[in-house]
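**Q** Sharing a structure, written as structure tokens. Questions coming.
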């Protein structure tokens, strides 16, 4: 419990961050306390007691928790976003090893050179924002001494001049990698443009991480926000130096004397420690205990990069047919078996339905099928034209008002249908302006059945499969040229029958 008090745990701890501030606060507190107790008369102590109450009341008007909460939360989000933008070359080099294949010296040199350029890009980019990397590689000669850059490459690198970008020439090795990828494609090492596209996308993702870190290094949190939080914390404890002096009065106006301000010190640890968290995480590219360990990342990336592109390239253990009979069992040690496990469980595993709720619900529908839709609901290739509908309307025994009413009901059913609209078969014939809808086989069009009295009256009972709309069938001469065929068996539904006027 008290291991954080040991010197071994002092690095990066709360005590290391605030111990100087805490000692200064306690020193000032007891200086005022000694003057109050031993160097003031009773009359002066009475006057000072009034100020103690006033200053203690002032501390209640500072929304310290509100200000620090927003301030630290914003800084922690920014710090974690910077963590996510650290560029790791693994993804790029795995693609390089998978697509640029070969064990000949030339191909191996290409892969190893790309890996070296990736590490060189990291050093050039991070030394412009990280104090750790800058102290490790302060000049370009240190890059040559470490083997990240050759003398010929250094000459080419120095001949490139950048005047505006403050991070100088960090992107030059990225351009060299890109050029090597394109030449591999031109030479035939990369056999397809998709392979080149995969490598270029991985390179762009690798480059974008550095660029985003430059943005975070450039645009900092507004200074006003930092000043408000800092002044609020130190102002609060400046009032507490006087407002928390003892003896003081409690809520019953009784004098209470405590020689050590326990709760005030705890508040100091919480609030000032909270503020120091924000200050330490605000700029994570320095050399403090909480800052990013870019030097370790460089060492790790160098080792893993050459393993991926060279030592592990085209390496796989042998696989035997006998391994099909091998059984795999996940074992536990005694230590792991004694740990509590919480496997995933279905939250409805204990739910039981009543027998009455398991019965099939029978939907009662009083509507009946219209003879036209009944004749057209078939899985065969049936069709009709608007000329057939016109001939049915011109017959002496047809009721035109019923036809128009049927058309209005059909349009209302189409608008109320919740299912997606079926593909349409649209065509024009002389004297008619309509659209016939096609539904794919097995798809319910959502229409309610039509009353059966229409079938008794013989209204629009059209069932002549005279026109075949199959894809390779000959066109019917009665149809116009604008005909879109559906390759599936069709169902018909008139959408604008009420717009057809009798002759």
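Every number in this text was worked out from the coordinates using simple rules, so none of it is lab data. Worth saying up front: this structure is predicted, and the values here are computed from it rather than measured. Cβ atoms come from the backbone with ideal geometry, glycine included; neighbour counts cover every protein chain shown.
**Q** In Å and on Cα atoms, what radius of gyration and Dmax does the stretch 148-213 show?
**A** 14.1, 39
**Q** At a 10 angstrom cut-off on C-beta neighbours, averaged per residue, how do the peptides 190-196, 13-19 rank from highest to lowest?
**A** 13-19, 190-196
**Q** For a footprinting-style exposure proxy, rank 310, 104 by other Cβ within 10 Å, fewest first.
**A** Ordered by Cβ neighbours within 10 Å, fewest first: 104, 310.
**Q** Right, next: Can you classify the stretch 90-202 as rounded, prolate or oblate using the Cα gyration tensor, where a ≥ b ≥ c are the square roots of its eigenvalues, rounded means a/c under 1.5, and otherwise it's prolate if a/b beats b/c and oblate if not? Each step should come with its number before you reach the end.
**A** Working: a/c = 2.03, a/b = 1.88, b/c = 1.08.
Cα axes put the stretch 90-202 in the prolate bin.
**Q** For 189, 107, what's the fewest-to-most ordering of other Cβ within 10 Å of each Cβ?
**A** Listing 189, 107 from fewest to most nearby Cβ atoms yields 107, 189.
**Q** Take the alpha carbon atoms of the stretch 12-90, find their center, do the same for the stretch 106-168, and report the distance between the two centers in whole angstrom.
**A** Centre-to-centre (Cα) distance: 45 Å.
**Q** For the stretch 58-148, what does the alpha-carbon gyration tensor say about shape, rounded, prolate or oblate, given a ≥ b ≥ c as the root eigenvalues, a/c under 1.5 as rounded, and a/b over b/c as prolate?
**A** It is oblate, given that a/c is not under 1.5 and a/b is not larger than b/c.
**Q** With a ≥ b ≥ c the root eigenvalues of the C-alpha gyration tensor of the stretch 222-359, is it rounded (a/c under 1.5), prolate (a/b larger than b/c) or oblate?
**A** Oblate shape, in that a/c is at least 1.5 and b/c is the bigger or equal ratio.
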